[in-house]
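Colleague: Supplied in C-alpha cells, the structure appears directly below.
Derivation of every value follows stated rules applied to the coordinates shown; laboratory data play no part. All of these numbers come straight from a predicted model, not from anything done at the bench. Glycine gets a Cβ as well: all are built from the backbone with ideal geometry, and neighbour counts include every protein chain shown.
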Amino acid sequence: MTEITKPLPLVVILQEVGLEIDQDRYLDWYNNEHGPRRLTIDGFLNAARWEAVDGKKPSWLTLYDLTSEDVANGDAYQAVAAMGSDNEKEILQKLEASARVVYRYLSSRTHPSATQEQLPGKYVLAVWMDVKPEREEEFNKWYNEEHLALLEKVPGWLRGRRYTLVGAKARGAAPEAQLKYLAVHELSHDGFMESAELKEAMSTPWREDVMKDVTNKIMRSFKLNVVYEKPGK
C-alpha cells in the first residue's frame, strides 16, 4: 500500500450482500471491478477490505485513504461512478445494505515497533460513537491522552486512527454510518478482545466517567480480505 506520512481523510464502505446476489459474484465485482476502479481516481491513495468476524452485519468493510475530503465526491469520482457497468448497477441495487461514509481525520497513534509492511493490519477493531455535545471536548481529550496509549499495550496492536463524520449515504441497515466518531484500530493477530490489556483500557476511572455521556456505541471486528494497490505502484 501507499505509505501514509500525513493525516488523511477516509471513505468507509459498509455492505451486506443479502440473498438476492450470489456472494462469489459480489466479491468478483468488488475485487476486480469496483475497488480497483476507484484507485484510478487522483486522490484515492489506497484501499483494503475486511470481512466481519463478529457475526454481525454489515459483513464487509472497505477503507479508502484520500488526499483530501474534496476528492471523495469530486468530479473525477462522479465520472468514474457514472461509468459503472450493468453488472455493478444490478449488484448495488440488490445489496441488502450499503453505506458510503466520508470522515475527517482527528488523531492517530502508531505502535513504535510497527512497520509499513505490517499495515494494513490483519484485523480491525472499528468503534463508532456518539457523545453528548457538551462532553465532546472531554471525550476527545480522554481518547487522545489515555485511551490510545493504553491500547498500544494490547498484544498485536499496530495503530489507531480517529475520525469524525463529514457525510453519509446509506441504504438498508447500516447504523454505523450515522454516528459521529469513528476509531479504526489495526492489529496483527486475533484474540485482542480477550486480552487483559484491552480489558484494562476499557475499565479506567476516566473512561467510565466519559462513557456515561456516550449516547450510542457500535463496536465491530473484521479480518483482512484483500488489499487493493494503486495502479503504477
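Colleague: Here are some pairs, 89/223; 57/180; 153/230; 56/153; 56/141; which of them have Cα atoms lying more than 25 Å apart in this structure?
Modeller: Numbers: 89/223 27 Å; 57/180 19 Å; 153/230 32 Å; 56/153 27 Å; 56/141 30 Å.
The pairs that break the limit, which is 25 Å between Cα atoms, are 89/223; 153/230; 56/153; 56/141.
Colleague: May I ask you to evaluate 6.51 cos²θ - 1.76 cosθ + 1.60, the Karplus curve with θ = phi - 60°, for each residue of the range 89-104 and list the ³J(HN,Hα) values in order in whole Hz, giving x for glycine and proline?
Modeller: Computed from phi, the couplings for the range 89-104 are 4, 5, 5, 4, 5, 9, 4, 5, 8, 7, 9, 10, 10, 9, 10, 9 Hz.
Colleague: Can you give the direction-averaged projected area of the convex hull of the alpha-carbon atoms in the range 63-199, in nm²? It would help to have the intermediate numbers written out before the result.
Modeller: Values: hull surface 41.6 nm².
With the hull built on Cα positions only, its mean projection is 10.4 nm².
Colleague: If I model a spin label at residue 173 and residue 229 as a point 7 Å from the Cα along the Cα→Cβ vector, what separation in nanometres do I get?
Modeller: 3.9
Colleague: With a cut-off of 8 Å between alpha carbons and a minimum separation of six or more residues, what is the relative contact order of the chain in percent? Please report the intermediate quantities before stating the final value.
Modeller: Numbers: 465 pairs, mean separation 71.7, N = 233.
Relative contact order for the chain comes out at 31 percent.
Colleague: Another question, then. Would you mind getting me the FRET efficiency between residue 164 and residue 115? Use the beta-carbon distance for r and R0 = 45 Å, nearest 0.05.
Modeller: Numbers: r = 28 Å, r/R0 = 0.63.
The computed FRET efficiency comes out at 0.95.
Colleague: Please report, in whole Å, how far the alpha carbons of the chain spread along each principal axis, starting with the longest.
Modeller: So the three principal-axis extents are 54, 35, 33 Å.
Colleague: Using DSSP to define loop residues, name the trypsin sites (Lys or Arg not before Pro) in the range 113-161 whose beta-carbon has at most 15 other beta-carbon atoms within 10 Å.
Modeller: Qualifying residues, ordered by number: 153.
Colleague: Run lengths n ≥ 4 of DSSP H only: what is the helix-derived mean residue ellipticity at 222 nm for the chain, with -39500 (n - 2.57) per run over all residues, to the nearest 500? Before the final figure, lay out each step's value.
Modeller: On the way: 9 runs with 56 residues, N = 233.
Rounded to the nearest 500, it is -5500 deg cm²/dmol.
Colleague: With Cβ to Cβ distances under 10 Å as the rule, what net charge do the other residues near residue 125 carry (K, R +1; D, E -1)? Intermediate values should be presented prior to the final figure.
Modeller: Working: positive: 220; negative: 54, 186.
Here the charged neighbours net out to -1.
Colleague: Let me ask you something else. Please identify which residues in the range 208-233 have an amide N closer than 16 Å to a label point set 7 Å out from the Cα of residue 23, following the Cα→Cβ vector.
Modeller: Counting backbone N atoms under 16 Å from the label point, the list is 222-226.
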